[in-house]
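Below is one structure, written out as structure tokens, with a few remarks after it.
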Amino acid sequence: MKVLVIGGAGYIGGHVTLELLEAGHEVTVYDNLSSGRRENVYAGGRFVEGDILDTEGLGATMDEGWDGVVHLAAFKAAGASMTAPEKYARNNITGTINILNAMCSAGIKRIVFSSTAAVYGETEYLPVDEKHPTRPENFYGFTKLEAERLLSWYGRLKGLRYTALRYFNAAGYDLRGRVSGLERNPANLLPVIMEVAAGMRESLTIFGNDYPTKDGSGVRDYVHVTDLASAHVAALERMARLDESLVVNLGSEAGLSVLEIVEAVRRITGKAIPAKVEGRRAGDPARLVASSALAAEKLGWKAVHSDVDTLVSSSWNVYKR
Ligand code: UD1
């Protein structure tokens with residue numbers, strides 16, 4: 001298949017591009033490099049520097065004709081989205097509208113969309129399945145849910161077929177180190193601890209140790225980025241076979257606490273990892289764990305690299321350089 005990966009130079013996009021190339025697809029990356037990196041586009045992928053807010057440039061690339069589009073171009077910091085909603089609205093919502101309109105005018109019918117567990121908000125039960133109510137607690141999650149609703153309407157009105165992948169906590173790096181661009185100004189746990197291990201940051205702040213969890217720290221469902229990437233390939237291949245849209249969770253179905261991750265990082269890197277406990281971060285739930293039964297059923301997908309040792313060691317391979 002000939003695939004356009006929008007946002008393909010980012011952390012997740014770089015891994016998606018790699019998996020698509022590995023599966024034998026022809027890949028072009030469209031990215032403005034605002035947070036992505038040129039070196040994340042693995043050999044064999046073509047690169048076009050462009051912005052999703054530039055409707056002319058986007059339209060020209062879309063008009064080249066594609067069997068499928070993968071859309072990962074978005075801002076993703078939940079905290080920042082609460083102080084700069086305009087920025088998130090413009091990029092994540094207007095940008096998605098631009099992509100959908102460009103697809104319609106170029107006659108392209110299939111899209112895989114990067115969504116998030118943040119669409120659920122405060123959880124009412126665990127593990128979270130796709131029937132769980134969607135009430136995002138942060139503006140970032142709202143922008144992703146709006147994009148899903150747009151996909152649904154374009155599906156009804158324009159015959160678009162989509163797969164929205166609701167990622168839980170993406171982590172890790174390609175096991176062979178082929179995607180090596182570090183994230184810029186990370187706020188997520190794994191890259192922050194890696195920066196501490198690599199001496200790029202003094203210490204880790206642990207947000208809360210009084211949650212009703214196994215050790216008091218926050219529990220999340222960490223899913224290896226290569227597992228996430230393989231789901232994109234499966235989603236595109238499924239849409240080529242079936243005229244059907246889909247919304248699915250992607251998680252490992254396991255819960256790891258902040259302290260468990262810190263311990264694993266100390267053991268695997270041999271570094272001390274100075275850490276201090278501070279108060280809870282606003283909007284953080286105690287536990288978030290996925291049910292990925294639907295992804296297993298519809299995509300034949302399962303996380304296979306998402307154990308804590310693989311998550312940490314594959315990240316450390318990149319950061320220790
Ligand atoms: C958030 C979003 C998620 C989004 C992801 C990507 C929500 C509910 N979740 O995940 O949808 O895709 O960001 O940006 O909006 N922690 C620390 N110290 C740190 C950083 C994190 O203790 O310096 C803790 C957090 O309190 C949490 C865990 O580590 O318990 C994971 O945090 P983080 O990596 O930021 O991801 P989420 O907030 O779970």
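Quick note: the coordinates plus some simple rules give every number you see, no bench work behind them. These numbers were taken from a predicted model, which means no experiment stands behind them. Here Cβ is always computed from backbone atoms with ideal geometry, including for glycine, and neighbour counts include all displayed protein chains.
Quick one: 3J(HN,Hα) in Hz for region 145-151, Karplus 6.51/-1.76/1.60 with θ = phi - 60°, rounded, Gly and Pro as x.
Going residue by residue, I get 5, 4, 4, 4, 5, 4, 4 Hz, with x marking Gly and Pro.
With a cut-off of at most 10 other beta carbons within 10 Å, and DSSP calling the residue loop, which trypsin sites (Lys or Arg not before Pro) in region 181-218 qualify? Please list them. Numbers along the way, then the final one.
Details: sites: R184, R201, K214; in loops: R184, R201, K214.
Nothing satisfies the criteria.
Charges on Cβ only, +1 for Lys and Arg, -1 for Asp and Glu, centred on the Cα centroid of the chain; of F113, A170, V247, which one is farthest towards the dipole's positive end?
A170
Given the options A303, V277, Y222, identify the residue whose Cα lies farthest towards the positive end of the charge dipole of region 219-321 (+1 on Cβ of Lys, Arg; -1 on Cβ of Asp, Glu).
V277
With the chain treated as a Gaussian network of Cα nodes joined by springs under 10 Å, which of H305, H15, H132 yields the largest mean-square fluctuation?
Among H305, H15, H132, the largest GNM mean-square fluctuation belongs to H132.
Which of the GluC sites (Glu not before Pro) found in region 98-158 are loop residues per DSSP with 15 or fewer other Cβ atoms within 10 Å of their Cβ? Show your work: numbers first, answer last.
Details: sites: E122, E124, E130, E137, E146, E148; in loops: E122, E124, E130, E137.
Filter output for region 98-158: E122, E124.
Taking H as built 1.01 Å from N, whose amide H comes closer than 5 Å to the amide H of V219, not counting residues under 5 places away?
R287, L288
Would you kindly derive the ³J(HN,Hα) couplings of region 111-124 from the backbone phi angles with the Karplus curve 6.51 cos²θ - 1.76 cosθ + 1.60 (θ = phi - 60°), listing them in order in whole Hz, with x for Gly and Pro?
Going residue by residue, I get 9, 10, 10, 7, 10, 8, 5, 5, 5, 7, x, 4, 7, 9 Hz, with x marking Gly and Pro.
Antiparallel as a % of all DSSP beta bridges within the chain, to the nearest 5?
Roughly 5 percent of the DSSP beta bridges within the chain come out antiparallel.
Taking neighbour Cβ counts within 10 Å as the exposure measure, how do M194, M200, M239, M1 sort from fewest upward? Each step should come with its number before you reach the end.
On the way: M194 25, M200 12, M239 22, M1 17.
Result, fewest neighbours first: M200, M1, M239, M194.
So how far apart, in nm, are the two label points at D54 and S203 if each is 7 Å from Cα heading toward Cβ?
Each label point is offset 7 Å from its Cα along the Cβ direction, giving 4.5 nm.
Distances longer than 26 Å among the Cα atoms of the chain: what percent of all pairs is that? Intermediate values should be presented prior to the final figure.
Details: 22411 of 51360 pairs.
When all Cα pairs of the chain are counted, 44 percent exceed 26 Å.
With everything on Cα atoms, drop me the angle between helix 225-241 and the longest principal axis of the chain, reported from 0 to 90° to the nearest 10.
20
Mean 1/r over all different Cα pairs, inverted: what Kirkwood radius does region 44-191 give, in Å? Intermediate values should be presented prior to the final figure.
Details: mean 1/r = 0.0598 Å⁻¹.
So the Kirkwood estimate lands at 16.7 Å.
For the chain, what does -39500 (n - 2.57) per DSSP helix run (n ≥ 4), summed and divided by total residues, give at 222 nm, in deg cm²/dmol to the nearest 500? It would help to have the intermediate numbers written out before the result.
Values: 11 runs with 119 residues, N = 321.
-11000 deg cm²/dmol, from helical runs alone.
Expressed as a whole number of Å, what is the distance separating the alpha-carbon centroids of region 25-73 and region 247-302?
First find each Cα centre; the distance between them is then 30 Å.
May I ask which residue of L33, V3, L18 lies farthest towards the positive end of the charge dipole of region 1-104, with charges of +1 (Lys, Arg) and -1 (Asp, Glu) on Cβ and the Cα centre as origin?
Value: L33.
Between L157 and E26, what's the calculated FRET efficiency when r is the beta-carbon distance and R0 is 30 Å? Round to 0.05. Kindly include the intermediate steps, with their values, before the conclusion.
Numbers: r = 29 Å, r/R0 = 0.98.
The calculated FRET efficiency here is 0.55.
Please report the antiparallel percentage of DSSP beta bridges with both residues in region 1-101, rounded to the nearest 5. Don't jump to the answer; show the numbers that get you there.
On the way: 0 of 13 bridges.
Of those bridges, close to 0 percent are antiparallel.
Past the 26 Å Cα-Cα mark, which pairs from K144/K276; K298/K320; K2/K298; K158/K298; K271/K302; K87/K131? Don't jump to the answer; show the numbers that get you there.
On the way: K144/K276 32 Å; K298/K320 38 Å; K2/K298 23 Å; K158/K298 23 Å; K271/K302 32 Å; K87/K131 30 Å.
Violating the 26 Å limit, Cα to Cα: K144/K276; K298/K320; K271/K302; K87/K131.
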